[in-house]
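Visitor: Next up is a structure, given as structure tokens.
The values are calculated or read from the model by the stated rules, or taken from the named source; none is laboratory data. Owing to the predicted nature of the structure, the values given are computational and were not obtained by experimental measurement. As a convention, Cβ positions derive from the backbone with ideal geometry for all residues, glycine included, and neighbour counts pool all protein chains shown. Accessible surface areas use protein heavy atoms only, side chains included; no ligands, DNA or RNA. Shrake-Rupley method; radii C 1.70, N 1.55, O 1.52, S 1.80 Å.
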Amino acid sequence: MSALRSDRMVELSSYRDQHFRGSLTEQEKKLQLSTTLYIGNLSFYTTEEQIHELFSKCGDLKRIIMGLDKIRKTPCGFCFVEYYTREDAENCMRYVSGTRLDDRIVRSDWDAGFIEGRQYGRGKSGGQVRDEYRTDYDTGRGGYGKAALKQMQAIGDQIF
């Protein structure tokens, strides 16, 4: 049973990068051979050293690319982790994805390969798109999402 679960852990998810330069078939091929993982749901305060410590347990890391707010150039909750071998990346998908780092459950997914410029958030305010629409308070991701801040500001403007 656990071997079956492990095999599912390394399967490709249904997510595809809408900004990929190439066909869907080309992206699928790259994902099947990739040694690069997208790591999400990180705290804005998680350091590269912490990421290295956790992810190197699965194999030798080639590099870590921290996700940055494109305006402020500060961490914005994601990174890319590149291994030297597919086997090490698969071990990461099996054993590290879904574990806790900096009091957050990290998510990992296959990536077709890092290209310069992808380290920057794609949201309107410079960070990640999902933080634009988040309405909850999350200390690890900088407090309220942009949508919640707009709502609170509108309410405050009505009161005063």
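Visitor: For R100 and Y120, calculate 0.36 nm times their separation in residues minus their Cα-Cα distance, and state this gained length in nm to one decimal. Don't skip to the answer; put the middle values down first.
Guide: Details: separation 20, 0.36 × 20 = 7.20 nm, distance 2.36 nm.
Residue separation times 0.36 nm, minus the Cα-Cα distance, leaves 4.8 nm.
Visitor: Can you sort L31, L12 by solvent-accessible area, 1.4 Å probe, largest first?
Guide: Details: L31 10, L12 45 Å².
Largest to smallest exposure gives the sequence L12, L31.
Visitor: How big is D for region 1-115, in µm² s⁻¹ as a whole number, if Stokes-Einstein is applied with the Kirkwood radius of its Cα pairs at 25 °C and 0.890 mPa s?
Guide: Working: Rh = 14.5 Å.
My calculation gives 169 µm²/s for D.
Visitor: Order of 20-26, 50-56 by packing, highest average Cβ count within 10 Å first?
Guide: On the way: 20-26: 10.4, 50-56: 16.9.
Result, highest mean Cβ count within 10 Å first: 50-56, 20-26.
Visitor: Using 7 Å Cα-to-Cβ label points, what is the R8/E48 separation (nm, one decimal)?
Guide: In this crude spin-label approximation the distance works out to 3.7 nm.
Visitor: Sticking with this structure for a sec: Amide H neighbours of K62 under 5 Å, at least 5 residues apart or on other chains, H built in the peptide plane: list them.
Guide: Those qualifying (amide H under 5 Å, at least 5 residues apart or on another chain) are E82, Y83, Y84.
Visitor: Quick one: how many Å² of I64 are accessible to a 1.4 Å probe, rounded to 10?
Guide: About 30 Å², rounded to the nearest 10.
Visitor: Give, in nm to one decimal, the length gained when the segment between I64 and R107 is fully stretched (0.36 nm per residue of separation minus the Cα-Cα distance).
Guide: Working: separation 43, 0.36 × 43 = 15.48 nm, distance 1.54 nm.
Residue separation times 0.36 nm, minus the Cα-Cα distance, leaves 13.9 nm.
Visitor: Now for a different question. Please give the solvent-accessible surface of K73 in Å², to the nearest 10, using a probe radius of 1.4 Å with every protein chain present.
Guide: About 110 Å², ignoring ligands and nucleic acids.
Visitor: With all protein chains present, how much of the accessible area of region 1-110 (probe radius 1.4 Å) comes from carbon and sulfur, to the nearest whole percent? Write out the running numbers ahead of the final one.
Guide: On the way: 3320 of 6590 Å².
Ligands and nucleic acids excluded, carbon and sulfur reach 50 percent.
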